[in-house]
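A.B. asks: Once you've had a glance at the structure underneath, I'll fire off some questions.
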Amino acid sequence: MALFEVAHRVGSARTGVLRLAHGEVHTPAFVPLASNASVRGLDAPEVAGLGYEMVLGNTFHLFITPGHGRIAALGGLHSFMGWDRPIITDSGGFQVFSMGHGSVAEEVKRRRGNSQSRILAIEEEGVSFRAYTDGSERFMGPETSMEVQAALGSDIALAFDECTPFHVDRDYTRRSMDRTHRWLHRCVAWQSEHGRDDQVLYGIVQGGVDQALRAESVAAIAGSGVDGIAIGGTLGENKEQMRQVLGWSTAGLPEQPPRHLLGIGDVDDIVHAVGIGIDTFDCATPTRLARHGTALVPDPERRWRMDLTKAEWRDDPRPLYEGAASAHSRAYLHYLARGRELTGARILTLHNLDFMARLMAGIRAAIRAGEWDAYAERVLAGQAP
RNA sequence: UCCGGGGUAGCUCAACGGCAGAGCAUUCGACUGUUAAUCGAAGGGUUGUGGGUUCGAAUCCCACCCCCGGAG
């Protein structure tokens, strides 16, 4: 049976199903982050209860602690975290980037120098770095990443890549991309020699913000024999550039391999990306913003965000918005957020993930019904989900 | 009433003769393949009151007012 089946399409937007070892994932889908084998604040049954069919674990974090050997001995990542649905594991490539540059926003805005970099060396063989837990020197290369992901037993493994920074020249971007492609071939080779039958492999498109390099990377990934295609790298310094880069990164892609967009999660960005044929997304913001006191709301004027720590909500008895799953008042959520109550973080995490789940369900239904364009318009106008 | 300790930012406290600070709180900003229940910035002061010594006082001296503890 095919890994991915497109059921309906409207223009480039498509809805379908991914068939993985631990079950189906209906697309387009949002994939909550469970980097450290937990969706922060929730347990697996709660995440499943929100309707999610897949979560994203992180090779790098689980390699550092508690160690893939321990997880394997305990029956694998699914068993370890009590999640019996599909899991995609990120390869650790992005952590190399963030250890050197901080977050994507910090690097693009040059907010943080890399003077505190924990990267020791990025070489052909792989990356040497210091573990954040104990400062010990560690190494990860394509084979290490694949070994760890095989031990974890995720349904989808991602090839080890370098997330090319924004502030580098074209020459570095090319060398970085070429190295990522060589690493991909090593991942594919490892997979065919040692890989498990119940795990598929996605390659990651790089190429920075350069049209020719992106096109070259797309061709290299698509021609490598991987099961799916992920789009990575920093995508530019604003949404306009991100859309341009995304266009270059999807142009000429064959329909069949499923496409994952790494790290993108703003509502308008997801709507745009679905429109050009992306199938799955992962992003830290729904859960992170929740822990920082921000709720996702259908309000384009506020970038779909309501920062409940703001004084303006202190005495507001209204719910987050008409039709929100949670009936708690803004005043209560403000109070919880200001007090940094665990309860507040949990309520908002549940809310934000519910919001994203509804958005994706709405998107799937709209494409199925042939009403994608109208639905996209309604979402962008703040009338849905 | 006496003895001792103390009154400095909204709160808890530093500074003990030389530019009055911190933490928390407050307000604002940030967060897009999570080292993040995080990070950043700003506002906020007649140092209890009055006098004195000194080039210079939150700091030393005197008086008074409040608070805490002990004794009676």
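A.B. asks: From the residues in the range A:119-137 that are surrounded by 18 or more Cβ atoms within 10 Å (Cβ to Cβ) and of a type outside the set (Val, Ile, Thr), which one is nearest to A:Gly67 (Cα to Cα)?
C.D. replies: Restricting to residues being surrounded by 18 or more Cβ atoms within 10 Å (Cβ to Cβ) and of a type outside the set (Val, Ile, Thr), the top hit is A:Phe129.
A.B. asks: Out of the residues in the range A:248-269 that are free of Cβ contacts under 8 Å to residues at least 40 places away in the same chain, outside any helix (DSSP H, G or I) and within 6 Å of RNA strand B (Cβ to nearest atom), state the one that is nearest to A:Glu53 (Cα to Cα).
C.D. replies: Once the filter is applied, the top-ranked residue is A:Ile264.
A.B. asks: Out of the residues in the range A:26-54 meeting the condition of being of a type in the set (A, V, I, L, M, F, W, C) and within 10 Å of RNA strand B (Cβ to nearest atom), tell me which one is surrounded by the most Cβ atoms within 10 Å (Cβ to Cβ).
C.D. replies: Taking the candidates together, the pick is A:Ala34.
A.B. asks: Quick one: in the range A:71-99, which of the residues that are surrounded by fewer than 19 Cβ atoms within 10 Å (Cβ to Cβ) and either modelled with pLDDT under 95 or not in a loop (DSSP other than H, G, I, E, B) (or both) is farthest from RNA strand B (Cβ to nearest atom)?
C.D. replies: Ranking the candidates gives A:Ala73 first.
A.B. asks: Still on this structure, I have one more. For the range A:280-292, name all the residues that are within 11 Å of A:Asn352 (Cβ to Cβ) and more than 6 Å from RNA strand B (Cβ to nearest atom).
C.D. replies: A:Pro286, A:Ala290
A.B. asks: Within the group A:Phe63, A:Phe139, which residue is in contact with a helix residue (DSSP H, G or I) (Cβ under 6 Å, 6 or more places away or on another chain), modelled with pLDDT of 90 or more, of a type in the set (Phe, Trp, Tyr) and under 26 Å from A:His181 (Cβ atoms)?
C.D. replies: Criteria check complete, one pass: A:Phe63.
A.B. asks: Another question about this same structure. Please determine, by comparing only the residues of the range A:293-330 that are more than 15 Å from RNA strand B (Cβ to nearest atom) and hydroxyl-bearing (Ser, Thr, Tyr), which one is farthest from A:Val6 (Cα to Cα).
C.D. replies: A:Ser329
A.B. asks: What is the one condition in (1) closer than 22 Å to A:Met99 by Cβ; (2) touching a helix residue (DSSP H, G or I) at 6+ places or on another chain (Cβ under 9 Å) that A:Arg175 does not satisfy?
C.D. replies: (2)
A.B. asks: Out of the residues in the range A:119-172 that are hydroxyl-bearing (Ser, Thr, Tyr) and more than 12 Å from RNA strand B (Cβ to nearest atom), which is farthest from A:Gly57 (Cα to Cα)?
C.D. replies: My answer is A:Tyr172.
A.B. asks: Just a yes or no: is a residue in the range A:353-369 buried (at least 19 other Cβ atoms within 10 Å of the Cβ), within 10 Å of RNA strand B (Cβ to nearest atom) and touching a residue at least 24 places away in the same chain (Cβ under 8 Å)?
C.D. replies: The answer is yes, given that some residue of the range A:353-369 is buried (at least 19 other Cβ atoms within 10 Å of the Cβ), within 10 Å of RNA strand B (Cβ to nearest atom) and touching a residue at least 24 places away in the same chain (Cβ under 8 Å).
The values are calculated or read from the model by the stated rules, or taken from the named source; none is laboratory data. What you see is a predicted model, and the numbers here were worked out from it, not measured in a lab. Note: ideal-geometry Cβ built from the backbone for every residue, glycine included; neighbour counts use all protein chains shown.
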